[in-house]
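This report refers to the structure that appears directly beneath it.
The values are calculated or read from the model by the stated rules, or taken from the named source; none is laboratory data. Bear in mind that the values here come from a model prediction, so they are computed numbers and not experimental data. Every residue, glycine as well, gets a Cβ built from its backbone with ideal geometry; the counts of neighbours run over all protein chains shown. Note: areas computed on protein heavy atoms with side chains; ligands, DNA, RNA excluded. Shrake-Rupley method; radii C 1.70, N 1.55, O 1.52, S 1.80 Å.
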Amino acid sequence: MKVKPKKSNSMGQYAELLSRYLFPQKGTLVLLTLLLFASIGLQLVNPQIIRYFIDQAQAGSAMQPLITAAIFFIGFSLVQQLVSVIATYYSENVAWKTTNKLRVDLAAHCLSLDMSFHKSHTSGSLIERVDGDVNALANFFSSMIIHLFGNLLLMAGIIVLLFRENWIIGAGMAFFVVFAVFMIQWIRKFAVPVWAGWRQANAEFYGFIGEHLEGTEDIRANGAVGFVMNRFYTMLRKMLPLRVKAFLGFCAMWNMSIFVFALGNAMAFGISAYLWYSQNISLGTVYLIFFYTELLAKPIEKIRTQMEDLQKADASISRIRELFATQSEIKDGPGVLLPKGPLSVEFRDVTFSYDGDQPTLKGVELNLKPGEVLGLLGRTGSGKSTMARLLLRFYDPQSGMIALGGTDIRNCTLAELRKHVALVTQNIEIMQGTIRDNLTFYDHAITDKEIVDVLTELGLGSWYESMPEGLDTMLASGGGSLSAGEAQLLAFARVFLTKPGLVIMDEASSRLDPLTEQRIEKAVSKLLTERSCIMIAHRLATVQRADHILILDNGHVMETGRREQLAADPNSRFSQLLATGLEEVLV
Ligand SMILES: Nc1ncnc2c1ncn2[C@@H]1O[C@H](COP(=O)(O)OP(=O)(O)OP(=O)(O)O)[C@@H](O)[C@H]1O
């Protein structure tokens, strides 16, 4: 897996992301910008109406102009509310559509990455990327740019209008804006790091709870509940001072804002009082100045939070770009198609290592004819599952070649290869969902009749009939509602439905009850007809089905040959295994 070097986010990268995800929404963006202008205009106009109202009332004017002004004021206020509701609707829409597209792209990219990537990244960290970081970008996409620009415009509009009233109040309030931004930024320097510390402690705490809830069975079985609780209390104790500090920091920020804006109001009142006494402005204008000063608080606060969001978005963009830059080493081949029906399997001098250091498979050779069954034997850790992983191209060997139906598997696309090769492992994943979804993996091309036929054929007919809602019956995550045998048979049913040419089966090594074993034996017989099969065998009965035997020892082929021949040769390792009993020797 290659990771391109990380670069800091330049404007170009922002532009790239915006043009790719936001540009398709340009119509809505134009509408949002227009709504924003309308909202700014309405916010600036309303105080002017109040000023007019006060001045007219003070001058003892007739009722009619006052009523008209009041109606205009109410009308504009209502329109402003309406504009803000419509703008919220559209900005949420843009945020959802753009981030969803990004989420889909990231999820698809993660799924396309090879196993070494997934082994080195926990599912939690991927969820954090695909959802957490993308959520952090929602605001960036939906409104940040427009609102940042809009708030700057509103602030500039207020200052310009104040200058229009009187240059002293204009200059005074311009100074106040600079002072307020500086003070709020200054106090943030102290408050933000304590918040970051608190969030980090929080993330660790939830990670701890999640991990230990998942491992509840092991913790109880090992009598470790007391130790875990001890650690839990220790973490809580460490969190208290962080929480107190974080809230004090928050309080300091909040109080600083109130203090700064109170200073602003005091200054506005002071200047207004002076101008009013010197008869430079009317009482209505005093109110106008007060109103605009109050209105100034909003963009200053908003610009501050938007700058914070921009910092968060910047970190998320870096992480998302890094993930997109991670490329899978397992690439689609030119697209050669595999033949239909049972596939021959060939390993030619295959050497493979997970870490590029100690080889797990060394010079492995195998020749299996179409429709034959290979019994793959070897001690735990000898490399049996690794051979299966190479056949599905979860990894590629460092040297040698693997062919199916005479085609080098590196020449097929991954989708084509995985359509023809099915893997049934001991760990059967049952997802929370209907029986249908669990069997078809959401492939709507598979009909209900096909599914029911396969279930009946595998001896699951009466089990299926007992399901209250048929194929729509929900199965619990992890297959809690199924017996081990039923779960195994459902895994076989999945394979039957995909109709592969090669089945790789990692046989369950644990003993099942005789009845279930019998059902599984029958199902395996059906599974093997008209298919090639590689069976990682743990039971004598299974080995008896094999045409060919391959025994691995520490990544080497220790012995290989036709089963009858090896069984007949008293010196072969296989005949010794048969004599001793497979389970005792191999497991
Ligand atoms: N993802 C991995 N990264 C690094 N090493 C691995 C990885 N998977 C397996 N190995 C190592 O490769 C060797 C072979 O593992 P493999 O799973 O193929 O053995 P196996 O014969 O199938 O064993 P078992 O019968 O216990 O399943 C082991 O030493 C194992 O520790």
- Query: Quick one: HIS118 ticks every box in (1) of a type outside the set (Ser, Thr, Tyr); (2) open to solvent by 40 Å² or more (accessible area, probe 1.4 Å); (3) touching a residue at least 12 places away in the same chain (Cβ under 8 Å) bar one, so which box is it?
  - Reply: (3)
- Query: Pick from the stretch 527-580 the residues that are surrounded by fewer than 16 Cβ atoms within 10 Å (Cβ to Cβ) and among the β-branched types (Val, Ile, Thr): which of them is farthest from the ligand (Cβ to nearest atom)?
  - Reply: THR529
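Examine the stretch 320-329 for a residue that is among the acidic types (Asp, Glu), in a loop (DSSP other than H, G, I, E, B), at negative phi and away from the ligand (no atom under 16 Å from the Cβ), and state whether such a residue exists.
So in the stretch 320-329, the residues among the acidic types (Asp, Glu) come out as 322, 329.
Filter once more, keeping what is in a loop (DSSP other than H, G, I, E, B): 329.
Narrowing further to those that are at negative phi: 329.
With away from the ligand (no atom under 16 Å from the Cβ) added as a condition, the list becomes none.
Looking through the stretch 320-329, none of the residues is among the acidic types (Asp, Glu), in a loop (DSSP other than H, G, I, E, B), at negative phi and away from the ligand (no atom under 16 Å from the Cβ).
So, in the stretch 358-378, how many residues would count as being part of a loop (DSSP other than H, G, I, E, B) and either in contact with a helix residue (DSSP H, G or I) (Cβ under 6 Å, 6 or more places away or on another chain) or more than 10 Å from the ligand (Cβ to nearest atom) (or both)? Let's see the steps before the verdict.
Start the filter on the stretch 358-378 by keeping residues that are part of a loop (DSSP other than H, G, I, E, B), which leaves 358-360, 369-372.
Okay, now just the ones that are also either in contact with a helix residue (DSSP H, G or I) (Cβ under 6 Å, 6 or more places away or on another chain) or more than 10 Å from the ligand (Cβ to nearest atom) (or both), so 360, 369-372.
Within the stretch 358-378, residues that are part of a loop (DSSP other than H, G, I, E, B) and either in contact with a helix residue (DSSP H, G or I) (Cβ under 6 Å, 6 or more places away or on another chain) or more than 10 Å from the ligand (Cβ to nearest atom) (or both) number 5.
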- Hits in the stretch 105-140 (condition: more than 16 Å from the ligand (Cβ to nearest atom) and not in a helix (DSSP H, G or I)): none
- Task: Of the conditions (1) within 16 Å of the ligand (Cβ to nearest atom); (2) at pLDDT below 85; (3) within 41 Å of the chain's Cα centre (by Cα), ALA487 clears all except one; give me its number.
- Result: (1)
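Specify which of the listed residues (GLY501, GLY470, GLY459) is modelled with pLDDT under 85 and assigned by TED's automatic domain parsing to the domain that holds ILE534.
Details: GLY501 fails: modelled with pLDDT under 85; GLY470 fails: modelled with pLDDT under 85.
GLY459 is the lone residue from the list that is modelled with pLDDT under 85 and assigned by TED's automatic domain parsing to the domain that holds ILE534.
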- Unique residue being polar (S, T, N, Q), open to solvent by 70 Å² or more (accessible area, probe 1.4 Å) and without any contact (Cβ under 8 Å) to a residue 12 or more places away in the chain when the list is THR456, THR447: THR456
- Filter pass, GLN56 being open to solvent by 30 Å² or more (accessible area, probe 1.4 Å) and in a helix (DSSP H, G or I): yes
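Can you pull out the residues in the stretch 404-439 that are more than 16 Å from the ligand (Cβ to nearest atom), assigned to a strand (DSSP E or B) and over 18 Å from LYS331 (Cβ atoms)? Break it down stepwise before answering.
Narrowing the stretch 404-439 to residues more than 16 Å from the ligand (Cβ to nearest atom): 404-422, 429-439.
Then keep just the ones that are assigned to a strand (DSSP E or B); that gives 404, 407-408, 421-422, 433-434.
Answer for the stretch 404-439, where residues must be more than 16 Å from the ligand (Cβ to nearest atom), assigned to a strand (DSSP E or B) and over 18 Å from LYS331 (Cβ atoms): ALA422, GLY433, THR434.
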- Query: Which condition breaks for MET387 when tested against (1) within 16 Å of the ligand (Cβ to nearest atom); (2) touching a helix residue (DSSP H, G or I) at 6+ places or on another chain (Cβ under 8 Å)?
  - Reply: (2)
- Message: Consider the stretch 349-406. How many of its residues are in contact with a Pro (Cβ under 6 Å, 6 or more places away or on another chain), crowded, with 18+ Cβ neighbours inside 10 Å and either aromatic (Phe, Trp, Tyr) or at positive phi (or both)?
- Response: 2
- Could you list, in sequence order, the residues of the stretch 417-449 that are of a type in the set (D, E, K, R) and more than 23 Å from the chain's Cα centre (by Cα)? ARG418, LYS419, ARG436, ASP448, LYS449
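Do the conditions hold for MET183, that is, is it touching a helix residue (DSSP H, G or I) at 6+ places or on another chain (Cβ under 7 Å) and open to solvent by 30 Å² or more (accessible area, probe 1.4 Å)?
Working: touching a helix residue (DSSP H, G or I) at 6+ places or on another chain (Cβ under 7 Å): yes; open to solvent by 30 Å² or more (accessible area, probe 1.4 Å): yes.
Judged against the criteria, MET183 is a match.
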- Message: Need pairs with beta-carbon distance below 6 Å; first residue under 16 Å from GLY363 (Cα atoms) and within the stretch 379-396, second within 6 Å of the ligand (Cβ to nearest atom) and open to solvent by less than 10 Å² (accessible area, probe 1.4 Å); sequence gap 6+ or separate chains.
- Response: LYS384/GLY378
- Go over the candidates SER272, SER257, SER278, SER316 one by one and state the one that is open to solvent by 20 Å² or more (accessible area, probe 1.4 Å) and either in contact (Cβ under 8 Å) with a residue 40 or more places away in the chain or more than 16 Å from the ligand (Cβ to nearest atom) (or both). SER278
- Message: Is it the case, given these coordinates, that GLU92 is surrounded by fewer than 15 Cβ atoms within 10 Å (Cβ to Cβ) and either touching a helix residue (DSSP H, G or I) at 6+ places or on another chain (Cβ under 8 Å) or in contact (Cβ under 8 Å) with a residue 40 or more places away in the chain (or both)?
- Response: yes
